[in-house]
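Contents: one structure, followed by commentary.
The values are calculated or read from the model by the stated rules, or taken from the named source; none is laboratory data. Source: prediction; values computed, not measured. Cβ sites come from the backbone with ideal geometry, for glycine too, and all protein chains shown count toward neighbours.
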Amino acid sequence: RGTWHWPSPTDDKGNDMDESAQNAKWLVENGVAPKHILTEGASMETIGNAYFARVLHCDVLGFTRITVVNNWWHMPRTRAVFDHV
């Protein structure tokens, strides 16, 4: 999903595409077992990603550590936000 300053990726018909589902598909195609992938598609920015990952996955499944897949240039912000949440 996009944000107010960055549009959603679209398919060849112009429909919005879920980035987390696309990334999960890529991970599976590159050898990661689907059972090891959880996606978060409810949010539109990093703080929301961290919040929804926590309440939808971590709190429910008892995770205290996770791996976040992200762009290298966005990882410092992502790390700071996820550590805080």
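Scanning the stretch 37-56 for residues that are modelled with pLDDT of 95 or more and not β-branched (Val, Ile, Thr), which turns out nearest to residue 18 (Cα to Cα)? Filtering the stretch 37-56 for residues that are modelled with pLDDT of 95 or more and not β-branched (Val, Ile, Thr), the one nearest to residue 18 (Cα to Cα) comes out as 38. Summed over the stretch 26-56, residues that are exposed (fewer than 14 other Cβ atoms within 10 Å of the Cβ) and farther than 21 Å from residue 73 by Cα total 10.
Here is a yes/no grid of residues against (1) surrounded by fewer than 12 Cβ atoms within 10 Å (Cβ to Cβ); (2) hydroxyl-bearing (Ser, Thr, Tyr); (3) at pLDDT below 90; (4) over 15 Å from the mean Cα position of the chain (by Cα):
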{"site": "1", "(1), (2), (3), (4)": "no, no, yes, no"}
{"site": "4", "(1), (2), (3), (4)": "yes, no, yes, yes"}
{"site": "10", "(1), (2), (3), (4)": "yes, yes, yes, yes"}
{"site": "16", "(1), (2), (3), (4)": "no, no, yes, yes"}
{"site": "58", "(1), (2), (3), (4)": "no, no, no, no"}
